[in-house]
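Let me begin by presenting the structure, written as structure tokens, before commenting on it.
The values are calculated or read from the model by the stated rules, or taken from the named source; none is laboratory data. Predicted, not measured: the structure shown is a model, and the values here were computed from it. Cβ atoms come from the backbone with ideal geometry, glycine included; neighbour counts cover every protein chain shown.
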Amino acid sequence: MLLLIFIVLSCSPNNNIVFSNEDCALTISPDGYAVSLKVQGEECLDWGEKLPLCEIMQERPYDNENFLMFPAKPRRFPSDHIERRGDTLFVTFRDTWDIAVIVADVQPHHIGFRLERVDYRIDDMGVKRQTEIDGFALMQLPVHRREHFGEWLNVTWDAETAVCLMGADEKTRIDTFREGKKLKMYAGYEHQVGMSGKGAVLIACQTDKLLDNIDLVEEYYGMPRGVQSRRSPEYRWSYYELRDVTLDNIDEHISWALKGGFRTMVIYYPDFAWTCGHFLWRDGWDMATLRKICERIYAAGLIPGLHIHYSKVSVDDPYVRGESPDSRLNYVAERVLARQLGPADTEICIEGTPEVLRTEKGRRILRIRDEFVSYAEYEQLPDGSWKLTGCERGLWGSKPAAYKAGEHLRQPDMDDWPRFIRIDQDTSIQQEIAARLGEIYSECGFMFVYFDGAEDVPMPYWYNVSRSQLAVYDQLSPAPIFAEGALKSHYGWHILSRGNAFDLFRPEKLRPAMKKYTLRCASQIADDFTSVDFGWVDYLAPDSTTVGMQPDHFSYVFSKALAWDAPVSVMGKLDQITASARSEDNFAVMHAWEEAKNEGLLTEAQKMMLRDPDREWFLYGGKLYEWKLISEGPVRAFSFTLDGEPAIVYWDIFDENVPMTIIKGAEKCREFTNRKK
């Protein structure tokens, strides 16, 4: 809406604007930048150059005179004047005629800021129109970096003070740009998402109040209750993930889960559904069968969870397969047919370079109207057009047809497997899928969820990752006691209260992979007041290709998880469990560590000691011992000190008649070592 008025913003240069509550005071200069942020008298801003509190971003200058002055590249227009009227700020910007109207909401433990609208002043010089806004910085603060910086939550904190700039909904973009010890905290909007929403929330307080304040913010704005989830007693519980579960074998799975000290159990949707999207039931499965599985889990004293894909559809699902594929799939590239195409033709001529097309195996797919086509190679023709060769017509049950030149070809957004197509988040298809998952979740009594494939959304990722998760989360009743997911975006902190699991590492690569990824992630995500899942651990029996998962592997994983009060997830494969000679020992090891974690049997000093990635520990008789590998052949052995004497624990990886055995004393240890040599 164009306002044919000029709003005079007058303010004394020293007439600073102050918003304060019980915890902090934010001072803003009328010249357009933040002057101070204090918590109990301590200054939290880190000044060098003046950082504009607000900015308008344009992909190129749009004003008629501006694009004659400035280059054709993204440009930022800083706030240059701010006036407060009650709880509303009126902000003007250098080189634009926009006036941003921002509403402040001062609460006892947080301060909210929301863009209400952008007015425009019509100038009488030159040809003027209201120009586009591609992005809007609602708040920019140059904050001093403290000992910890949680990039996911967007918080910096130490033992005394915390500063957090967070989004009040999934539509607010939150980020921080680091320059040495200075953090430029950012909250804003993007045009492609929308210039409306609940805005940003500033929390600056004593660190021991931070989570309490975030909990109040979650309640105030109706957000998922991430703080309550993190504080729940179930938060640290590990889970046994079912594989190939049926009504006939669920009791055997439960028996092993109880031996491992697990208190939660997960069902992976491909066990009961043969497609993703419509989740069509496999033979022998229906809602009643799945509900019976969950009832058996509950009867054993365990809590069931659901592992899902939710933002994409499988190529054999009704959304894709057949003569009328759904129109709401996502596409990553588009080209135009250069010549007419007959239903039997296996070469397709297109205008424009095919280099924008994805060419990996399994992703060389195009859609022409309702037909899916694959291609093998491409080559350029003398007239400058391109030819796709080795084409297979009528994929996935679609029907080959004839097409005129000028028809559009679109490339579907295949996922990384590739077995799925990502969906268009700007359509209703995500809500349809979410409703089906919500029905399964609620009808069967699931209590938590793993959001797998969270990366499988189109850009912008900061928005669509949380947006797609929230669409499903809102359908889950009761709300999950905790949730995990494969990719984290800022607003997802409130949805995914536990961090992701990592894809399966073979036993031989388990330790180096955990050091490179899991342990690093555990340390990093702790700054976000969150734990990572120390799985997924693939339960493999030894054979000619692998040593298999042994007691020391499980001890390493579960001990490092305990060090961070974090869960572990183990893939429950009955064929591998029964094939392993050491399954009884393996599950006894898991049980010991789980009990120590959940019952709080170790001190904080011991947990800190366990965090060292190069030191390894096992539990014996409820006590903690450091051990070192001395033999890794068929007989696997570790040395340690027991009651002040040298000791060895050993077992045979193939022979179930040689379980974990401990020998103590220097002479017995020498005999064992000599025998091994």
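Points worth noting:
- Restricting the stretch 294-320 to residues that are in contact (Cβ under 8 Å) with a residue 60 or more places away in the chain and in a helix (DSSP H, G or I) leaves a set whose member that is surrounded by the most Cβ atoms within 10 Å (Cβ to Cβ) is C294.
- Of the residues G260, G226, the single one that is over 30 Å from L153 (Cα atoms) and surrounded by 22 or more Cβ atoms within 10 Å (Cβ to Cβ) is G260.
- From the options V320, V336, V332, residue that is on the phi < 0 side of the Ramachandran plot and in contact with a helix residue (DSSP H, G or I) (Cβ under 6 Å, 6 or more places away or on another chain): V320
- The residue list A402, A434 contains one member that is out of contact with any Lys or Arg (no Cβ under 7 Å at 6 or more places or on another chain), hydrophobic (A, V, I, L, M, F, W, C) and surrounded by fewer than 20 Cβ atoms within 10 Å (Cβ to Cβ), which is A402.
- Checked against (1) surrounded by fewer than 24 Cβ atoms within 10 Å (Cβ to Cβ); (2) within 30 Å of the chain's Cα centre (by Cα); (3) in a helix (DSSP H, G or I); (4) without any contact (Cβ under 8 Å) to a residue 40 or more places away in the chain, K515 passes all but a single condition, namely (4).
This table checks each residue for (1) touching an Asp or Glu at 6+ places or on another chain (Cβ under 8 Å); (2) at pLDDT below 95; (3) under 30 Å from F149 (Cα atoms); (4) part of a loop (DSSP other than H, G, I, E, B).
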| position | (1), (2), (3), (4) |
| --- | --- |
| P13 | yes, yes, no, yes |
| E22 | no, no, yes, yes |
| T27 | no, no, yes, no |
| A34 | no, no, yes, no |
| L37 | yes, no, yes, no |
| G48 | no, yes, yes, yes |
| P61 | no, yes, no, yes |
| A72 | no, yes, no, yes |
| A104 | yes, no, yes, no |
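- Contact map, the stretch 117-136: residues that are closer than 22 Å to V103 by Cα paired with residues that are buried (at least 16 other Cβ atoms within 10 Å of the Cβ) and modelled with pLDDT under 85, Cβ distance under 6 Å, separation 6+ or inter-chain. Pairs shown: Y120/Q130; E132/Y62.
- Selection within the stretch 494-510 - part of a loop (DSSP other than H, G, I, E, B) and of a type outside the set (S, T, Y): H494, I495, L496, R498, G499, N500, A501, F502, D503, L504, F505, R506
- Residue satisfying condition, being at pLDDT 95 or above, among the β-branched types (V, I, T), assigned to a strand (DSSP E or B) and out of contact with any Gly (no Cβ under 8 Å at 6 or more places or on another chain), within set I174, I203: I203
- Taking the criterion of being within 21 Å of the chain's Cα centre (by Cα) and not aromatic (F, W, Y), the residues of the stretch 177-200 that qualify are M185, A187, G188, E190, V193, A200.
- Residue under evaluation D415, criteria (1) out of contact with any Phe, Trp or Tyr (no Cβ under 9 Å at 6 or more places or on another chain); (2) crowded, with 18+ Cβ neighbours inside 10 Å; (3) modelled with pLDDT of 95 or more, criterion not met: (3)
For (1) surrounded by fewer than 23 Cβ atoms within 10 Å (Cβ to Cβ); (2) in contact with an Asp or Glu (Cβ under 6 Å, 6 or more places away or on another chain); (3) within 18 Å of G492 (Cβ to Cβ); (4) assigned by TED's automatic domain parsing to the domain that holds V106, each residue gets a yes or a no:
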{"residue": "V155", "(1), (2), (3), (4)": "no, no, yes, yes"}
{"residue": "I174", "(1), (2), (3), (4)": "no, no, yes, yes"}
{"residue": "Y186", "(1), (2), (3), (4)": "yes, yes, yes, yes"}
{"residue": "Q192", "(1), (2), (3), (4)": "yes, no, no, yes"}
{"residue": "M195", "(1), (2), (3), (4)": "yes, no, no, yes"}
{"residue": "A200", "(1), (2), (3), (4)": "no, no, yes, yes"}
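- Taking the stretch 328-359 as the range and being under 33 Å from the mean Cα position of the chain (by Cα), touching a residue at least 40 places away in the same chain (Cβ under 8 Å) and not in a strand (DSSP E or B) as the test, the residues that pass are R328, N330, L357, R358.
- Each residue in the stretch 250-269 was checked for being part of a helix (DSSP H, G or I) and over 21 Å from the mean Cα position of the chain (by Cα), and 10 pass.
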